[in-house]
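The values are calculated or read from the model by the stated rules, or taken from the named source; none is laboratory data. Keep in mind that this is a model prediction, so the values were computed, not measured. Backbone-built Cβ (ideal geometry, glycine too); neighbour counts: all protein chains shown. Accessible surface is based on the protein model in full, side chains and every heavy atom, while ligands, DNA and RNA are left aside. Shrake-Rupley method; radii C 1.70, N 1.55, O 1.52, S 1.80 Å.
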Amino acid sequence: MHRPSGCPSCAEPLEEGDRFCGVCGSPVSAASPPESRDDPTLPIPPLPAAPPAPAGPTGGYALAEPAPGWGSVAAGSAPTLVGEADGWSVPSEPAPAPGPEAAAVPPQGSSYGAPGPAYGSAPEPAHGGGEIRHDRPGSTPTPPEGTPWGAPEAPYGGAGPGHEDPYGSATVQGGAPAGGDGKTCVACRAGRVDTDGYCEHCGHAQPRERDHLEEELGSVAAVSDRGLRHHRNEDSFAVAATALPDGSAATVAIVCDGVSSASRPDEASAAAAGAANEALLEALPRGAHPQEAMHDAILAAAAAVNALAPEVPGAQNAPACTLVGAVVSGEVLTIGWVGDSRAYWVPDDRSALPRRLTEDDSWAAQMVAAGLMGEAEAYADVRAHAITGWLGADAYDLEPHTASFKPDHAGVVVVCTDGLWNYAESAQEMAQVLPVDAASRPLHSAQVLVGHALDGGGHDNVTVAVVPFAAPADPEAASVSAPPAAARAEPQTEAQPER
């Protein structure tokens, strides 16, 4: 039988003997269709009123309903598990009939009882149909509401209002109860999910809780998605709000991108985002200047990532990640970062110029800053995205970057990983993708931006936070309460962030 050299769903290289992809869990190949026979299986008559007669020489069920454990499966495939796996591991014997007789044997060969394709009426690859995608909720990228995905089903198994949770569903296809406390496979809707995260029946890898995350907190919102190529989401974010000593509110958004070439990048990004957010929520209410608080928060995030390093130096690559954060406090916008995650300023008035507020710690940025290459040439190089700064035990001298801005008009701050800005690199491109009502609908806007990256190919994890910034009500009063001039720059001009 012909075997593809790579997974038909994600192109992951395969090894001899693989039946399922080790990354996405998709079946490697379908079983060959059954050969045509001169004696095809005849329809089974309904159950007669009298006791059933002994089975004939060829055997078979004399039941009106399909036998337990036999659903719509391809020839040669294992039977569809229904209910408890232990109860349906082997075909059960029919009820004893008068007189001695052998146990009936379920029909072999072609499928027996075909209720139709599971999981959104999409054909399974094992049946020769199209590819089943679990990396995006829904079958169409843009529903009538205009969001990147609508609300027929909560994304990745998360049960929204009025929606079924495909993991914890009490019933499976056909109305049979799911066995025990096991979760039901989101692909075949029949098999149980094992502790390793794969379906016991069809072998599909199940979406992790972290594959798609959304959070909206007041006027700030963030969305993170695994993307279409990675086998897990290695990004993390944290959004929060707190009160300053004068009673005004401060909004915090932290976005971290795990370094895939390091070990446990998902843990590194989660630890960094949590530590930075906690440090800011502790410092800002005490009256610390936002720029100083951001600097200390990045150091706290670095310490949290360093703590994940192996006890034996050099045993493996130390966990690492990048970080970018934004704090909106009063009329001041503070940005902090290490690595190549970015922050953009997009004015509500789209006739004004948007700006990128961060400078990448990357090979390409260093070449451009040194005047050795032009920006287009540098970013076209294969080494362009090699980062020169990160959080981790094996990082060079940590140099957190911070900058404060004092916009004189309303706008939105977009804080994101390279999984998004790879598809909208310039500030003008980011402004074109961002909805015009982003200030009033931050969650919707974050969804649109993530959808833009997925539609563009989704080669990386995608995480973005949208933080609205309100214009100062009284410009004269704002000038009095502005931070020191050395830490202030207008976002509509090229800002020189402090290093």
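Comparison of GLY336, GLY325 shows that the only residue that is within 25 Å of the chain's Cα centre (by Cα), crowded, with 23+ Cβ neighbours inside 10 Å and closer than 18 Å to PRO442 by Cβ is GLY325. Checked against (1) assigned to a helix (DSSP H, G or I); (2) acidic (Asp, Glu); (3) modelled with pLDDT under 95, GLU494 passes all but condition (1).
Residue-wise test of (1) among the hydrophobic types (A, V, I, L, M, F, W, C); (2) under 19 Å from ASP235 (Cβ atoms); (3) in contact (Cβ under 8 Å) with a residue 60 or more places away in the chain.
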site	(1), (2), (3)
ALA380	yes, no, no
ALA384	yes, no, no
TRP390	yes, yes, yes
ALA393	yes, no, yes
ASP397	no, no, no
LYS406	no, no, yes
GLU425	no, yes, no
GLU429	no, no, no
GLY451	no, yes, yes
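Within the option set ALA273, ALA304, being part of a helix (DSSP H, G or I), touching a Phe, Trp or Tyr at 6+ places or on another chain (Cβ under 8 Å) and modelled with pLDDT of 95 or more holds for one residue only, ALA273.
Sub-8 Å Cβ pairs linking a first residue in the range 4-21 that is over 16 Å from ARG226 (Cβ atoms) to a second residue that is small (Gly, Ala, Ser) and modelled with pLDDT of 75 or more, at least 6 apart or interchain, are ARG19/GLY203; PHE20/GLY203, ordered by first then second residue.
In the set (1) assigned to a loop (DSSP other than H, G, I, E, B); (2) modelled with pLDDT of 95 or more, ALA482 fails one condition alone, (2). Among the residues of the range 242-272, none is identified as without any contact (Cβ under 8 Å) to a residue 60 or more places away in the chain and closer than 18 Å to ALA446 by Cα.
Here PHE237 passes the criteria (1) crowded, with 22+ Cβ neighbours inside 10 Å; (2) farther than 18 Å from GLN447 by Cβ except the one numbered (2).
Scan the range 370-385 and tell me whether some residue there is acidic (Asp, Glu), open to solvent by less than 60 Å² (accessible area, probe 1.4 Å), part of a loop (DSSP other than H, G, I, E, B) and more than 30 Å from VAL220 (Cβ to Cβ). Reasoning before the result, please.
At the first step, the residues of the range 370-385 found to be acidic (Asp, Glu) are 375, 377, 381.
Remaining after also requiring open to solvent by less than 60 Å² (accessible area, probe 1.4 Å): 381.
Adding the requirement that they be part of a loop (DSSP other than H, G, I, E, B) leaves 381.
Still in the list and also more than 30 Å from VAL220 (Cβ to Cβ): 381.
Yes, some residue in the range 370-385 is acidic (Asp, Glu), open to solvent by less than 60 Å² (accessible area, probe 1.4 Å), part of a loop (DSSP other than H, G, I, E, B) and more than 30 Å from VAL220 (Cβ to Cβ).
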